[in-house]
Every structure is written in structure tokens, then in C-alpha cells.
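One structure below.
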Amino acid sequence: MTPKLAILGASGHGKVVAEIAELNGYDVTFFDDAYKNKSNLEHWAVVGNTENLIQKLNDFHGLAVAIGNNQIRKLKLDFFLRLGANTPTLIHPSATISRYATIDVGTIIVADAVINAFTKIGKGVIVNTNSSIGHDCVIHDYVHICPGAVIAGGCKICEGTWLGVGSSVRQQIEVGKMTTIGAGSTVLKNIPDNVTAFGSPCVVQYINEQNI
């Protein structure tokens, strides 16, 4: 019997997650809080919202939260983990993962991503297309590493932080929690919590208003 996976989030990222799930042998069904206004995503049906998913959770072998926004992904995934949902890590077959790396539940690893030796990836993380994480890094829960981002060895990326497309982080750097690093930025010094920073070299531009 083909295992069934519920996907919460009928979005562009949801399409990516659905394909990865199918490549891992799942039959997927979508839920989205815009249901009934949104009844399909490409050829996949959207069959309900979060409340419907709660009622039908036992009909599925697992759940993926396919929401790019780090704060909303945290709220949804933490809620379903408290309900006891199985939230498997989904890894695209073309990704390269060290056998010495560790990856927590609910994380999505997209095509051509690289995760090197002794790196630890938290729960609910998105490691996007063609991104690279060096050895001995710690990527905390609900981080989003955007396409083409490069993190050198020994870095720490704290909870809920967003690394923009094509950004790069020098070795042994810490980026604080709930921080946004702009696309194409080069991070050469530690960045504090709850700020937006960008540029090359990357500098803090302003303080974010919300915490996770």
C-alpha cells in the first residue's frame, strides 16, 4: 500500500514538497486555510483546511507543513506535533547529505542541496535548491535557507532566521534568531537577533518588529 501524506500549504513551495514526497513514495493530499476559495493546486486537489486536517489526521501516514513563512510554519508544525502527528523529513533524491549529519523532523531538503559532515539541522527547516551547508554547522528550528545560499563550516544559524537567495556566511559566524539576511548578502561578522541585515559586507539595517 502506498503511504499517504497530507501537505498543509497549497503554494509554490507546496508544489516542491509534493514532488519530493512523491519521489519518496508518498501519495499526497493537500490542505490549505484558503479552502474553499482554493480547491486545487495544479493537478492536486485541495480537500480542506487546518480544521479538516485535524479531523482526518489519522487517515494519513504523515504530514508535511509546506509553508515558507517561518513563524506560521512554526505555529502549525508545533501544533500538529503536540497532537502526535508523524512529520517525516523529506529529502530530494539529488540532495547530498553526509552520513554524519543529523536532521530533525518536519524538515524539507530540496534538489541539489548539500549538507556536510557533523552538521545538525533542527525541526521544520527548509534547505532550498542548490544551497550548501558546511561541516559542523548548527541550523536551529524553523530556519529557511533560500536557493543558492552558502554557509561555511562551523556556523550557527538561530531559530526562525531567513537566509536570502544567494547569500553567503563566512566560517564560524553566528546569525541570531528571527533575523532576515537579504538576497546576495555576504555575512562576515556575527549578526544579532531580530534584525534585517543586507549588503556585502552585510550590516544591520533595521530592527524587526516581531519575534517568533
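The values are calculated or read from the model by the stated rules, or taken from the named source; none is laboratory data. For clarity, every value in this text was computed on a predicted model and none was experimentally measured. A quick note on method: Cβ atoms are made from the backbone with ideal geometry, for glycine too, and the neighbour counts reach across all protein chains shown. Only protein heavy atoms, including side chains, enter the accessible area calculation; ligands, DNA and RNA are left aside. Shrake-Rupley method; radii C 1.70, N 1.55, O 1.52, S 1.80 Å.
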DSSP bridge orientation in the chain - percent antiparallel, rounded to nearest 5: 15
Rel. contact order, % - alpha carbon contacts under 8 angstrom, at least six apart, region 128-183: 32
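Local charge sum around Pro201 (other residues, Cβ-Cβ under 13 Å, Lys/Arg +1, Asp/Glu -1)?
Values: positive: Arg170, Lys189; negative: none.
It works out to a net charge of +2.
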Derived scalar couplings ³J(HN,Hα) [region 202-207; Karplus, 6.51 cos²θ - 1.76 cosθ + 1.60; whole Hz; x for Gly, Pro]: 6, 9, 5, 9, 6, 8
12 Å beta-carbon shell around Lys4, net charge (K/R +1, D/E -1): -2
Over the chain, relative contact order from alpha-carbon pairs under 8 Å, at least 6 apart, %: 11
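To check you understand DSSP bridge types, tell me what percent of the beta bridges within region 80-203 (both residues inside) are antiparallel, rounded to 5.
Numbers: 1 of 32 bridges.
Given both bridge residues lie in region 80-203, the antiparallel proportion sits at roughly 5 percent.
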Filtered trypsin sites (Lys or Arg not before Pro), region 1-36: DSSP coil and at most 15 other beta carbons within 10 Å: Lys36
Whole-number Å³ per residue for the convex hull built on Cα positions in the chain: 113
Anisotropy class of region 70-165 from Cα gyration tensor, a/c 1.5 cut: prolate
Centroid-to-centroid separation of region 1-40 and region 120-154 [C-alpha atoms, Å]: 23
Helix axis angle, 70-82 relative to the chain longest principal axis, alpha carbon, degrees: 50
Sulfur and carbon atoms: percent of accessible area, the chain [1.4 Å]: 50
